[in-house]
Amino acid sequence: MHSVRVHDKNFELYLPESQILARVQAMAEQINADYQGEDVLLLPILNGAYIFAADLIRSLEFQPSLQFVKISTYGDSMTSSRQVRDSFGLNKLKVKDRHVLIIEDIIDTGFTSGYLRAYLTQQAPASVKVATCLYKPDAFKGKTKPEYVGFEIPDFFVIGYGLDYAQKGRELRGIYKPEEKNE
Ligand code: HPA
Ligand code: MG
């Protein structure tokens, strides 16, 4: 029960939809309190953040601006040789004197959010913060931790709620982890 096969691997339910939605609601309440009355630009990172962003944004009680952003990286994530190959949406942004909130599905090494923070900070925003559904502290190699975290998880590979395994599994309502026995 509650297990799925995606490509060559079996996954089992780790966080059920009800638990995710309750946590997203609590994050939204914190964000509502922190950004009340401010001019806020939300930047959900494609592809993975689209479902988390949709749920979070619909629980906000202010009127944010929204721009989806995509950043493709290449290179070894285990070393500092990782590079940005391509981006989408970044050059259109008007961030000066605005509060920017980056919305991520998951932060593990922190490369993408670290790159974005540095890129945006050059353009003198009022603030830059990160809200992520999932955070793997054991994998994190960045300088600044995410300000809003849904769930801290161990360093295993998860799918569902927007997250993919080789482009499959994003539609799953819960979040799944690899089954112990996997053949
Ligand atoms: N699952 C899916 N995509 C990811 C993960 C993960 O655990 N970490 C970074 N990208
Ligand atoms: Mg992926």
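Read-outs throughout are calculated quantities, based only on the coordinates presented, and are distinct from any laboratory measurement. Small disclaimer: the values here were computed from a predicted structure and weren't measured. Virtual Cβ from ideal backbone geometry, glycine too; neighbours counted across all protein chains shown.
Data table
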| quantity | calculated |
| --- | --- |
| Unit Cα scatterers, Debye sum, region 116-177: log10 I(q)/I(0) for q = 0.12, 0.20, 0.23 Å⁻¹ | -0.40, -0.88, -1.00 |
| Fewest-first ranking of ASP105, ASP164, using other Cβ atoms within 10 Å as the exposure measure | ASP164, ASP105 |
| Ratio of the Cα radius of gyration of the chain to 2.2 N^0.38 Å, where N counts its residues | 1.03 |
| Summed residue charge, Cβ within 12 Å of GLU12's Cβ, Lys/Arg positive, Asp/Glu negative | +2 |
| Eligible lysines near LYS136 by straight Cα distance, threshold 18 Å, same-chain separation 8 or greater | LYS145, LYS177 |
| Aspartates and glutamates whose Cα lies under 20 Å from that of LYS141, excluding same-chain neighbours fewer than 8 positions away | ASP76, GLU104, ASP105, ASP108, GLU152, ASP155 |
| Which of PHE68, PHE88 has the fewest Cβ neighbours within 10 Å, and the rest in rising order | PHE88, PHE68 |
| Those lysines that a straight Cα-Cα span of less than 20 Å connects to LYS92, excepting residues fewer than 8 apart in one chain | LYS70, LYS129 |
| Span-like helix ranges in the chain, DSSP H, alpha carbon extent 18 angstrom or more, Kyte mean at least -1.0 | 17-35 |
